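**Student:** First the structure, then my questions, so here it is.
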Number of protein chains: 4
Amino acid sequence: MTTLPPPARAFASDNAAGAHPAVMEALHEANEGHALAYGDDRWTAENSARMRELFGPHATTLLVWNGTGANVVGLASLLGPAQAVICTNWAHINVDETGAPERILGAKLIDLDCPDGKLVPEQIEDQAHALGDMHHAQPGVVSLTQSTEIGTIYSADEIAALCETAHRHGMSVHLDGARLANAVAASGRSVDALRAMTVDAGVDVLSFGATKNGLMYGEAVVCLTARAAMVAPFVRKQTTQLPSKMRFVAAQLNALLRDDLWIDLAGRANEMAMRLYERTVDIPGVVHDTAPVVNSVFPHLPADAIRPLQEWCFFWDWHVASHQVRWMTAWDTTEDDVDQFAAGVRHHLLG
Amino acid sequence: MTTLPPPARAFASDNAAGAHPAVMEALHEANEGHALAYGDDRWTAENSARMRELFGPHATTLLVWNGTGANVVGLASLLGPAQAVICTNWAHINVDETGAPERILGAKLIDLDCPDGKLVPEQIEDQAHALGDMHHAQPGVVSLTQSTEIGTIYSADEIAALCETAHRHGMSVHLDGARLANAVAASGRSVDALRAMTVDAGVDVLSFGATKNGLMYGEAVVCLTARAAMVAPFVRKQTTQLPSKMRFVAAQLNALLRDDLWIDLAGRANEMAMRLYERTVDIPGVVHDTAPVVNSVFPHLPADAIRPLQEWCFFWDWHVASHQVRWMTAWDTTEDDVDQFAAGVRHHLLG
Amino acid sequence: MTTLPPPARAFASDNAAGAHPAVMEALHEANEGHALAYGDDRWTAENSARMRELFGPHATTLLVWNGTGANVVGLASLLGPAQAVICTNWAHINVDETGAPERILGAKLIDLDCPDGKLVPEQIEDQAHALGDMHHAQPGVVSLTQSTEIGTIYSADEIAALCETAHRHGMSVHLDGARLANAVAASGRSVDALRAMTVDAGVDVLSFGATKNGLMYGEAVVCLTARAAMVAPFVRKQTTQLPSKMRFVAAQLNALLRDDLWIDLAGRANEMAMRLYERTVDIPGVVHDTAPVVNSVFPHLPADAIRPLQEWCFFWDWHVASHQVRWMTAWDTTEDDVDQFAAGVRHHLLG
Amino acid sequence: MTTLPPPARAFASDNAAGAHPAVMEALHEANEGHALAYGDDRWTAENSARMRELFGPHATTLLVWNGTGANVVGLASLLGPAQAVICTNWAHINVDETGAPERILGAKLIDLDCPDGKLVPEQIEDQAHALGDMHHAQPGVVSLTQSTEIGTIYSADEIAALCETAHRHGMSVHLDGARLANAVAASGRSVDALRAMTVDAGVDVLSFGATKNGLMYGEAVVCLTARAAMVAPFVRKQTTQLPSKMRFVAAQLNALLRDDLWIDLAGRANEMAMRLYERTVDIPGVVHDTAPVVNSVFPHLPADAIRPLQEWCFFWDWHVASHQVRWMTAWDTTEDDVDQFAAGVRHHLLG
């Protein structure tokens, strides 16, 4: 590994990337004089308007700090007493949030086995049998992740079918959209695609991820039903997710929304993942189960190659037993980054 | 009011101010390439070292999003089962956090009447009578605010006496330092003063406020005991307060800590409050109960003057029944801002 | 104190009394063969019917274990996200439940100073100012105690006025009726009096106390609104308050409801408190602030007389600083008990 | 089915049985005059002593209302901040408590697939990988059920191995003993067997079930470590599980403990389950996967036979898809009950 330099940007995670130049510029422009705190400012007003262009006139947007916070605020706006959340075994809320939902929501997560990271309507039907039985937590919210934690995506029709099933049983639907932009970029690259898989499909509340897509910080919770919108502002503050100098979150997100930059950046990351797949698929020892759909690649590597490669250019283990790792691209990944990394992998495995 | 222009910066709140230029510059410098998320970066490492210069070698610092979050993380790191938090009736955790402590901590707040916003040891002694009685929530943490929500400050000796009393009864001490810098600026303007009122006084966990003092966003939780430091990282993530691109929080705070900028900025705000007091104390109709100690002034105004003045240059009501309002200065308040505002008040009341 | 024997039953508390003979008999009769658990039995069905005779055809009754549980179930059936509970500083939920409401409900208790243990509508109006302000916990439930923790009672009109105020602001009303029977016995001794101060006054959910009034164990939560009734069964199980062999709770309560035995027993306790007052009011050194309304007397005694009297026949301190104690009668207190106790007090103070 | 009468006692559940005559007698004896509430009485003192005879001199026993409550109190006494509970997918705390643990404890349940209802040390080792990773809930307590929800039992050695593994990783062990007596009866019928599978094996806190074994109501939480014993009394009250007239719970349990009645009753139930198995194993259409170990039998029946049999003599479905039902015996099940029931099943299936 000594002869090849690592790429300028590694493939550890999309949250290892910094902020996009347009975002930095927006922060500067917003840093002028005083503005009332907690959202009573013109940047936040503009953001609300722009988000309604995306999600329709009934959308209420609440800016929050981060993804875990966005999920907690969204779920708290939907849950009633003694209700539980149906999710996949891979769900970020189930695996990667240190029990935040259980602690803050006091609600049970019913995590169902989903090998491809996606729920199907039959699973909701099955859980619905508990409805009305006072000995069991009552499934009240179905939480989907789009794109999923393992790099798959739901079609708009699949989400619509899940929403229909959930609503028929009196359940609400939450969508964890930490990487929603990547799903949109992989599904037509248009605002129409976004609408089809969210508001038109029947989603009740979603989080609109931005930090992994070029922001310095900040995410949005979008309430698509009046009832959730009514309680969400109080729940946001109560769960510590109300930014005081909110103009800075709004200004960043506004920059991302301008001219569909958010779709372009996510599309870029997706393309770099595909390029990384293509540049490594023929390397002996690298086994890809599938081609990537969004911005993550999950190859299996020879067991003894993993550690040296990580030391050369860091990435995370994914499934230790099967020598599977995760390579993740970001909004700022370049062709050179990919090509240099692929060359290094090839060099090491063939070396 | 038509003839006088309002000042460039109003006196609504210190969180209406933007970010200090050095903070903006630090954000730019930190926005270079990739850095691992969640604190595994060089800016956060530097921050930990700098904070240990302030609070001693046993301090463990955790960067978080905001003040409510800092309080929740700090308290959660100290509370045991069935324990309660003793605080003043004015405490931010009691009044201004929408019940976040009760919801996230599941703990009772025992709010005690403190006309000057400050607890005294006798109140802790009194609450200690509940210890061992299984019918009552067990006082486990004493939470102080420095400077207080009503603009007063504790002396280092007062805090030490409270800590001694609390510790003698097996309780811990939490200090909400959202405006700790202003207290330091009012108590000697030195790191020694900071140490005297925190680590030397016996405080167990504190929040070190920065957003109100020139940051765009971000606060720090400082654990001064090993037990709190052990659980705090898990609790931080669980309460949604773990920033992913943490380098940006660290970089900002590092800029604020350089050459004691944090003390200078808070001192500046304090001075401007004093100037505002001095420029208005002789205006007929303006009644100051006391001179300000930190960066807030709470004058009583003629009832019918309040609304027009607010429309001219916004500030918040404080106590409606006694026609008391709050004027708050910030790190960026200028002499001109103060003088223009005072002139406007004078003009209106004499007009 | 050596010469006079203490009474057979002391005046420590109404929960120091055992179970009424009719209750014991009911337990025996219910202990026949098998019956399905969790309320699917004929005794519980009978109880639901009897409670509807008391509270009208829209009342839904849920049997629970104890008073703290009844309060938690009742409040949980009413509270929405980010809502708080308004109560008095004396409220059992605030003082004597070890923070159960905060822990289980995650809700803030807003405890208001009420020297006579009773809320007034103006206090609700005052708290209503927080409605709509996302920085403050939203008052969602007003919790009254009838009869109060300090032995006073609300008139039906007072409760109606509180309900009207609460409902006008979108709040619900919970009534902690751990000693509701004593209030009814003091307000006309009739089911009409019960109805006037509960369902007719507009109370949404109440707990109907029975353990202190002759049961071995068991209380009832009565939901008077459809929405509370819908969630209460799930909340009851979730908060650990669902008795498995529920027939035994129902059978006891049915015995208490037969021929208004519950009113007679509470009336008996009230009368004995009045007798105790009358037998001691003229003893030099015994100072009664007022005559009792229900079944507790709160006399001040000479400081050095308290401990010896407690050792002779135990009772609890009430307010140590003013040498005030609590003497409490129960359903089984006899004239002889009172007279013997009063004689002992007189003997000691005059001795 | 018309010709054969159903047995006097059905096989729905052991909590469909009433109270044992010795328990009823004990309730009568305890119902004499006044006794201080909340455990300050001689029956509770006797109970503490008797439980120490069973579990050794370091055992601290807290009497509570019911099984869900016992589990919540036990777990709350062991859990630290951000910790999770490891349990089986069958665990009562996971399936049958309406999310009480999540709501009251705020803790995640990590439910692992255990086809026989029993955890193995390897599963704990596997979960231990999350320790120290701040993104994951920290496994803090391992919760076992003995006998399990599906009628299997752990050997003392198996429990000891689980405790050793858990403790080695800093985790505590909780044992849900709602049917611990049945496990003891199936493992040697002696107090030594009880000790071997609990205190000697290293269990930290357990619930000692009694309601299903002849009590009218009441269970015991037994703390075997000093730290749990210290917080448990406060947690008991806070989670609504403190009985006021505690003498009645203690008196019942004392009756059950006298002359090992608790083992005899559980042994009786176990024997009746075995008899039921033997009387039905040769009926064509009845398929037993295994012989029963404790007091439940889980036969598969012809699909169209289930409903008519349930209407004749009620029992619960267990696994609908495989036509599996549950027949459960109780302390009062007689040979005649079993024989009559088996005859009815035979009659119906052969009919």
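**Student:** Within segment D:96-109, take every residue that is open to solvent by 10 Å² or more (accessible area, probe 1.4 Å) and under 19 Å from D:G177 (Cβ atoms) and give me the one that is nearest to the other protein chains (Cβ to nearest Cβ).
**Tutor:** Per the criteria, the residue is D:D96.
**Student:** Pairs under 8 Å by beta carbon, first residue over 15 Å from D:I153 (Cα atoms) in segment D:267-279, partner polar (S, T, N, Q) and surrounded by fewer than 20 Cβ atoms within 10 Å (Cβ to Cβ), six or more apart or different chains?
**Tutor:** Listed by first residue and then by second, the contacts come to D:M272/D:T334.
**Student:** Further question: Give segment B:13-63 a look and list any residue that's within 12 Å of chain A (Cβ to nearest Cβ) and assigned to a strand (DSSP E or B), or say none.
**Tutor:** Once the filter is applied, which keeps residues that are within 12 Å of chain A (Cβ to nearest Cβ) and assigned to a strand (DSSP E or B), segment B:13-63 yields only B:L63.
**Student:** Among what's in segment A:113-124 and is buried (at least 18 other Cβ atoms within 10 Å of the Cβ) and over 18 Å from the mean Cα position of the chain (by Cα), pick the residue that is farthest from B:P101 (Cα to Cα).
**Tutor:** Here the residue is A:Q123.
**Student:** Quick one: how many residues across segment B:239-264 are at positive phi, surrounded by fewer than 24 Cβ atoms within 10 Å (Cβ to Cβ) and in contact (Cβ under 8 Å) with a residue 24 or more places away in the chain?
**Tutor:** So the answer is 1.
**Student:** Considering every residue within segment C:184-191, establish whether at least one is open to solvent by less than 10 Å² (accessible area, probe 1.4 Å) and under 21 Å from D:T240 (Cβ atoms).
**Tutor:** No, segment C:184-191 contains no residue that is open to solvent by less than 10 Å² (accessible area, probe 1.4 Å) and under 21 Å from D:T240 (Cβ atoms).
**Student:** Filter segment B:81-136 for residues that are in contact (Cβ under 8 Å) with a residue 24 or more places away in the chain, among the acidic types (D, E) and over 25 Å from B:V235 (Cβ atoms) and give the result.
**Tutor:** Selection gives B:D113, B:D116, B:E125.
**Student:** Which residue out of B:M24, B:M51 is over 11 Å from B:Q252 (Cβ atoms) and among the hydrophobic types (A, V, I, L, M, F, W, C)? Let's see the steps before the verdict.
**Tutor:** Working: B:M24 fails: over 11 Å from B:Q252 (Cβ atoms).
Result: B:M51 is the single residue among B:M24, B:M51 that is over 11 Å from B:Q252 (Cβ atoms) and among the hydrophobic types (A, V, I, L, M, F, W, C).
**Student:** Right, something else. Anything in segment D:1-12 that is within 8 Å of another protein chain (Cβ to nearest Cβ) and open to solvent by 30 Å² or more (accessible area, probe 1.4 Å)? List them, or say none.
**Tutor:** D:A8, D:R9
**Student:** A further question follows. Quickly run through segment D:269-324 and pick out the residues that are touching a strand residue (DSSP E or B) at 6+ places or on another chain (Cβ under 9 Å) and open to solvent by 70 Å² or more (accessible area, probe 1.4 Å).
**Tutor:** Selection gives D:V287, D:D289, D:W316, D:D317, D:W318, D:H319, D:H323.
**Student:** Right, D:F208: aromatic (F, W, Y) and at the interface with another protein chain (Cβ under 10 Å from one of its Cβ atoms) or not?
**Tutor:** No.
**Student:** For A:T148, indicate whether it is open to solvent by less than 10 Å² (accessible area, probe 1.4 Å) and in contact with an Asp or Glu (Cβ under 7 Å, 6 or more places away or on another chain).
**Tutor:** Values: open to solvent by less than 10 Å² (accessible area, probe 1.4 Å): yes; in contact with an Asp or Glu (Cβ under 7 Å, 6 or more places away or on another chain): no.
For A:T148, the condition - open to solvent by less than 10 Å² (accessible area, probe 1.4 Å) and in contact with an Asp or Glu (Cβ under 7 Å, 6 or more places away or on another chain) - is not met.
**Student:** Kindly indicate whether D:A70 is among the small types (G, A, S), assigned to a helix (DSSP H, G or I) and either touching a His at 6+ places or on another chain (Cβ under 9 Å) or free of Cβ contacts under 8 Å to residues at least 40 places away in the same chain (or both).
**Tutor:** no
**Student:** Answer with yes or no whether D:M230 is within 14 Å of chain B (Cβ to nearest Cβ), over 19 Å from D:P6 (Cβ atoms) and either of a type in the set (A, V, I, L, M) or open to solvent by less than 10 Å² (accessible area, probe 1.4 Å) (or both).
**Tutor:** Here the answer is yes, as D:M230 does meet what is asked.
**Student:** So for segment A:155-171 (the condition being among the basic types (K, R), surrounded by fewer than 24 Cβ atoms within 10 Å (Cβ to Cβ), farther than 30 Å from C:L105 by Cβ and in the same structural domain as A:A84 (by TED's automatic domain parsing)), does at least one residue qualify? Talk me through it step by step, then tell me what you get.
**Tutor:** Looking only at segment A:155-171, we keep the residues that are among the basic types (K, R), and these are A:168.
Among the residues that remain, those that are also surrounded by fewer than 24 Cβ atoms within 10 Å (Cβ to Cβ) are: A:168.
From what's left, farther than 30 Å from C:L105 by Cβ: A:168.
Now drop any that are not in the same structural domain as A:A84 (by TED's automatic domain parsing), which leaves A:168.
Within segment A:155-171, one or more residues are among the basic types (K, R), surrounded by fewer than 24 Cβ atoms within 10 Å (Cβ to Cβ), farther than 30 Å from C:L105 by Cβ and in the same structural domain as A:A84 (by TED's automatic domain parsing).
**Student:** On to the next question. Go through (1) under 30 Å from D:V345 (Cα atoms); (2) of a type outside the set (V, I, T); (3) part of a helix (DSSP H, G or I) and name the single condition D:P7 misses.
**Tutor:** (3)
**Student:** Then there's this: C:V205: open to solvent by less than 30 Å² (accessible area, probe 1.4 Å), more than 22 Å from C:A273 (Cβ to Cβ) and touching a helix residue (DSSP H, G or I) at 6+ places or on another chain (Cβ under 6 Å), yes or no?
**Tutor:** yes
**Student:** Oh, and also: Restricting segment A:20-44 to residues that are out of contact with any Lys or Arg (no Cβ under 8 Å at 6 or more places or on another chain) and under 19 Å from A:W262 (Cα atoms), which is most open to solvent (accessible area, probe 1.4 Å)?
**Tutor:** Ranking the candidates gives A:E25 first.
**Student:** Then there's this: Within segment A:325-351, can you find the residues that are open to solvent by 10 Å² or more (accessible area, probe 1.4 Å) and assigned to a helix (DSSP H, G or I)?
**Tutor:** Listed by number, the residues that qualify are A:E335, A:D336, A:D339, A:Q340, A:A343, A:R346, A:H347, A:H348, A:L349, A:L350.
**Student:** Go over the candidates C:I86, C:I93 one by one and state the one that is assigned to a strand (DSSP E or B) and open to solvent by less than 40 Å² (accessible area, probe 1.4 Å).
**Tutor:** Answer to the selection: C:I86.
The values are calculated or read from the model by the stated rules, or taken from the named source; none is laboratory data. Because the structure is predicted, anything quoted here is derived from the model rather than measured. When we count neighbours, we look across all protein chains shown, and the Cβ atoms used for this are built from the backbone with ideal geometry, even at glycine. Keep in mind that these areas ignore ligands, DNA and RNA; they rest on the heavy atoms of the full protein, side chains included. Shrake-Rupley method; radii C 1.70, N 1.55, O 1.52, S 1.80 Å.
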